[in-house]
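The values are calculated or read from the model by the stated rules, or taken from the named source; none is laboratory data. What you see is a predicted model, and the numbers here were worked out from it, not measured in a lab. Neighbour counts run over all protein chains shown; Cβ positions are idealised from the backbone, glycine included.
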Amino acid sequence: MAFAAQYEMTIGGEPRPGALQFDVVNPATGAVFARAPSCGLEELDGVVAAARAAFPGWRDTPWEVRGAALVQLGGAIRAHLEPLMRLLTAEQGKPHAEAEGELLKAAEWLDAVATLRLPSSGDAAAPGRSSWSRHVPLGVVGAIAPWNYPVALAVWKIAPALLAGNTVVLKPSPYTPLTTLRIGELARGIFPPGVLNVISGTDALGPWMTAADGIDKISFTGSTHTGRAVMAGAAPTLKRLTLELGGNDAAIVMPDVDVGAVAERLFWAAFRNAGQVCIASKRLFIHDAIYDDLAGRLAELARAVRVGDGARQGVQMGPVQNAAQYRRLTALLAETRASNARLLAGEVPTPGEGYFMAPVLVDNPSDEARVVCEEQFGPIVPLLRFRSADEAIARANQGPYGLGASIWCADPDKAERMAAKLEAGSIWINEPPQTSPHRPFGGHKQSGLGVENGLMGLMAYTNVQTVSSGSL
Ligand code: NAD
């Protein structure tokens, strides 16, 4: 299938160019390279009506047929991998290999989610009476995605929501709407009209969705700050919520590791996608005994990274995704420099029109420094010296976030004892942060509410219904 010349929304199975459009910038050049449709408030009413109208039919469609449609969408993504990869790099900035990896992950997720089945339970409540409980779909789900993994994180929402029998209104970030709009185009031939609607718009659209009467649930991934606004916006209509929010993950590196073997894995745990990963290692706690050795190796790796336009061959790290985030990061870097913190790498500004930043490593700043206690969400990472496991755990647990944490330690029993004391939704031992379609993923504390993925993630797109049956 050839894509349309314009970027269009998918509403009720039809292409919609939108009455207005907004600009989409390539972060590697800082220049506008496309325009995306801007969904207005009245148009949103029509989208929600289309999703509501499609709901009864989709709810009553057999589970296997719904699952097969997900697998078909995964196949369509694979069949259009090359143009989608180029587009994702152009709007998001990540290198082609990473863009391709994100798209393939999305397809893999669609396949894996399609295999899930919801449990039901029942019993004979009393002679002549029975009672059972089952999961039924919620209705219309509003899915709101961020700009760091626009496709993968949208699929985390739409796959379980659709499998469970809901219809969906999907909204990507205004910074990265295009690949998601293309996936809406692919979905037109796969799902009945109104089942999967893909819309795009400016800053007002998310709040309109959270307030909309006809939407039963908001599944949101984004910052903790916006998550609070979503929760407040959803309160008057008591929408169900899943909130996947920010993180400030610690990686704790114990003195018994082979420093040479872990350095590169740790480096990319922190700097993959230019550090713009919710579960990136954002505070590297390194034991005093190996601090100098490991810090030196990380600095060498940082200086060797090829930063540039993700569309160019050999580039390992693309630009920061948008101008606002770039300004936040350059301000954080200036503040860090002004505090006399030593930078182990990243002193040299990266030339170019785009939002480029070389990886920065900050040498043991205070725990109160903003680069430590706030989520930086970019390539500026503090290295923090510690002397005992208990000290590292206490410092790792500081702050409002609780998304993930990793432990690097040669003694697996000790690592597990440490894991039990960490306040985070995911703990990785001797591996970089990663996720699975079969395991629940969610934040503790102010990193989120509820989980995505696995059976628990699927259940989050359902209501429980208990049916009891007596006799006449
Ligand atoms: P963001 O909160 O600025 O935006 C996320 C989405 O929400 C966008 O689509 C945006 O248009 C929309 N939005 C903005 N204001 C809204 C409002 N008031 N009501 C409803 N929707 C609104 O986040 P971002 O900058 O796109 O993404 C970066 C953040 O996302 C980081 O904090 C990162 O840690 C977090 N994140 C979390 C996870 C996770 O799974 N926990 C995954 C990826 C990113």
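Tabulated data for the structure shown
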| quantity | calculated |
| --- | --- |
| Unmet requirement for residue 431, which otherwise passes all of (1) over 18 Å from residue 277 (Cα atoms); (2) away from the ligand (no atom under 16 Å from the Cβ) | (1) |
| Qualifying residue in the stretch 346-353 (condition: at pLDDT 95 or above and of a type in the set (A, V, I, L, M)) | no |
| Some residue of the stretch 249-258 being near the ligand (Cβ under 9 Å from one of its atoms), farther than 18 Å from residue 41 by Cα and part of a loop (DSSP other than H, G, I, E, B) | no |
| Residues of the stretch 73-127 that turn out to be of a type in the set (S, T, N, Q) and either within 21 Å of residue 308 (Cα to Cα) or at pLDDT 95 or above (or both), as a count | 3 |
| Some residue of the stretch 355-371 being among the acidic types (Asp, Glu), closer than 25 Å to residue 256 by Cα and assigned to a loop (DSSP other than H, G, I, E, B) | yes |
| Residue in the stretch 434-452 that is free of Cβ contacts under 8 Å to residues at least 60 places away in the same chain, surrounded by fewer than 21 Cβ atoms within 10 Å (Cβ to Cβ), among the charged types (D, E, K, R) and within 16 Å of the ligand (Cβ to nearest atom) present | yes |
| Filter result (closer than 28 Å to residue 136 by Cβ and more than 21 Å from the chain's Cα centre (by Cα)) within the stretch 72-101 | 72 |
| Pick from the stretch 264-290, criterion within 22 Å of residue 358 (Cβ to Cβ) and of a type in the set (Phe, Trp, Tyr), ranking: surrounded by the most Cβ atoms within 10 Å (Cβ to Cβ) | 271 |
| Tabulated pairs, the stretch 1-30, first under 19 Å from residue 176 (Cβ atoms) and in contact (Cβ under 8 Å) with a residue 40 or more places away in the chain, second part of a loop (DSSP other than H, G, I, E, B) and of a type in the set (Ser, Thr, Tyr), C-beta under 6 angstrom, 6+ apart or interchain | 22/202; 27/355 |
| Index of the failed condition, residue 340 passing every other in (1) in a helix (DSSP H, G or I); (2) within 20 Å of residue 371 (Cβ to Cβ) | (1) |
| Single match in 374, 391, 452, 416 (criterion: acidic (Asp, Glu) and touching a helix residue (DSSP H, G or I) at 6+ places or on another chain (Cβ under 6 Å)) | 452 |
| The stretch 390-407, residues that are crowded, with 18+ Cβ neighbours inside 10 Å, outside any helix (DSSP H, G or I) and not small (Gly, Ala, Ser) | 401, 403, 407 |
| Selection from the stretch 217-240 of residues that are more than 6 Å from the ligand (Cβ to nearest atom), within 17 Å of the chain's Cα centre (by Cα) and among the hydrophobic types (A, V, I, L, M, F, W, C) | 218, 220 |
| Scope the stretch 112-153; condition in a helix (DSSP H, G or I) and touching a strand residue (DSSP E or B) at 6+ places or on another chain (Cβ under 6 Å); matching residues | 153 |
| Top-ranked residue in the stretch 311-336 [being in a loop (DSSP other than H, G, I, E, B) and of a type in the set (A, V, I, L, M, F, W, C); ranked as surrounded by the most Cβ atoms within 10 Å (Cβ to Cβ)] | 320 |
| The listed residue being closer than 30 Å to residue 354 by Cα and among the charged types (D, E, K, R), out of 14, 43, 91 | 91 |
| Subset tally (residues that are assigned to a strand (DSSP E or B) and touching a Leu at 6+ places or on another chain (Cβ under 8 Å)) for the stretch 375-389 | 5 |
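Conditions tested, residue by residue: (1) more than 23 Å from residue 116 (Cβ to Cβ); (2) more than 12 Å from the ligand (Cβ to nearest atom); (3) surrounded by fewer than 22 Cβ atoms within 10 Å (Cβ to Cβ); (4) modelled with pLDDT of 95 or more.
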position: 136; (1), (2), (3), (4): no, yes, yes, yes
position: 140; (1), (2), (3), (4): no, yes, no, yes
position: 150; (1), (2), (3), (4): yes, no, no, yes
position: 153; (1), (2), (3), (4): no, no, no, yes
position: 158; (1), (2), (3), (4): no, yes, no, yes
position: 168; (1), (2), (3), (4): no, yes, no, yes
position: 190; (1), (2), (3), (4): no, yes, yes, yes
position: 193; (1), (2), (3), (4): yes, yes, yes, yes
